[in-house]
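First up is the structure itself, then whatever we jot down about it.
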Amino acid sequence: MKGLKSTEVVIAFVLVLVMVVIGLINPAFWGVGNLFSLAKSNVVIGIMALGVLLIMISGGIDVSSPAIGAAALYITVRTMVALEYDGVLLPFLGACVIGVAIGCFNAFVIDRFKMIPLIVTLGTASIVRGLMLGLLGTSIVNINKMPEGLMAFGSMNIATATAANGAIVGLTGMILVYGGIAFIMHFVLKHSMIGRSIYAYGGDPEAARRAGVNTRGTIFFVYCTAGLLAGFAGLLHSSMIWQANPRDFMGLELDVLAAVVLGGASIFGGRGSVIGTMIGVFTLVMVKNSLILMKIDTTWQRVVVGAILILATAITAWRDRKKLV
């Protein structure tokens, strides 16, 4: 019975209920083309959310992931174009290194100066975007200049189907990449010492320190890993849309945070799961997708996302306070 009361089960039940309601309101939701598009939309935000999940479990918060992703994709693609390089592995390694470096900067400032993570990551996001736009410019690398190998990788499908309008639609193979990363993150959090350290530090930093947890190492691990995933997700996004835009991901910070909190992660630290986060990501993407199907203006979509963030935060805060009583 305990499993039936878990946060993940409750969130999954709400997700199914929302899907049914949306399907009844707009049957186009169940179209194969829309479902494949929905799956594709989960990939990039989901990978970023997994990194932010680590930070939130540790008691921190990160709003710099979208800026890191944008910097990683733009710097990497511009470098590939300049060198006329058309590989895949090295560019992704490069994007990950960029992400780790920026994540390491976040961790250093937070650990060394004991600063509030929200302020640090907000400042880092501004610095990263400012330097990128100031030093590299604002020109967009379009499909005619994009490396073909990168585009081929991002366009791989694992299944195809015929939509209602007769068009052939594909289910992106990148969902397997997303699933693989999620599995690794789940294993790290649930079956490794660093995973236990993250939960312990987020639950009570002082108690964790007294218990022998390497708090500095924990801080560097979560922020560097979040940076790595953001950098990887950024280049993956570029490979999927066949374009490199330095202004990509602006405003995505709210979506990522909303998805993680909606997935049951505590704003106070010490609580959260990969499965819950994935469900939270899917729920948020699904709601936004449905608003688009119903031709709701983008402005109102932001209102809905903001309301979801406030509601999810309020619920998790109430849950955590109740457990303390």
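Points to keep in mind about this one:
- For segment 67-93, filtered to residues that are within 21 Å of residue 221 (Cβ to Cβ) and of a type outside the set (A, V, I, L, M), the residue that is surrounded by the fewest Cβ atoms within 10 Å (Cβ to Cβ) is 92.
- Condition met for residue 185 (under 24 Å from residue 87 (Cα atoms) and open to solvent by less than 30 Å² (accessible area, probe 1.4 Å)): no
Listed here are the residues, each with its yes/no results for (1) among the acidic types (Asp, Glu); (2) touching a helix residue (DSSP H, G or I) at 6+ places or on another chain (Cβ under 7 Å).
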position: 231; (1), (2): no, yes
position: 237; (1), (2): no, yes
position: 245; (1), (2): no, no
position: 251; (1), (2): no, no
position: 255; (1), (2): yes, yes
position: 262; (1), (2): no, yes
position: 272; (1), (2): no, yes
position: 289; (1), (2): no, yes
position: 295; (1), (2): no, no
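- Among the residues making up segment 23-44, those that are open to solvent by less than 20 Å² (accessible area, probe 1.4 Å) and either under 19 Å from residue 278 (Cβ atoms) or free of Cβ contacts under 8 Å to residues at least 60 places away in the same chain (or both) are 23, 38, 42, 43, 44.
- Looking across segment 188-199, just one residue is surrounded by 20 or more Cβ atoms within 10 Å (Cβ to Cβ) and free of Cβ contacts under 8 Å to residues at least 60 places away in the same chain, and that is 197.
- Residues being modelled with pLDDT under 90 and in a helix (DSSP H, G or I) - total across segment 272-294: 7
- Flag for residue 47 being open to solvent by 10 Å² or more (accessible area, probe 1.4 Å) and within 27 Å of residue 180 (Cβ to Cβ): no
- Subset of segment 127-180 (residues that are in contact with a strand residue (DSSP E or B) (Cβ under 9 Å, 6 or more places away or on another chain), under 20 Å from residue 32 (Cβ atoms), part of a loop (DSSP other than H, G, I, E, B) and aliphatic (A, V, I, L, M)): 156, 163
The values are calculated or read from the model by the stated rules, or taken from the named source; none is laboratory data. Keep in mind that what you see is a predicted model, and the values were worked out from it rather than measured. Every residue, glycine as well, gets a Cβ built from its backbone with ideal geometry; the counts of neighbours run over all protein chains shown. SASA here: full protein model, heavy atoms, side chains in, ligands and nucleic acids out. Shrake-Rupley method; radii C 1.70, N 1.55, O 1.52, S 1.80 Å.
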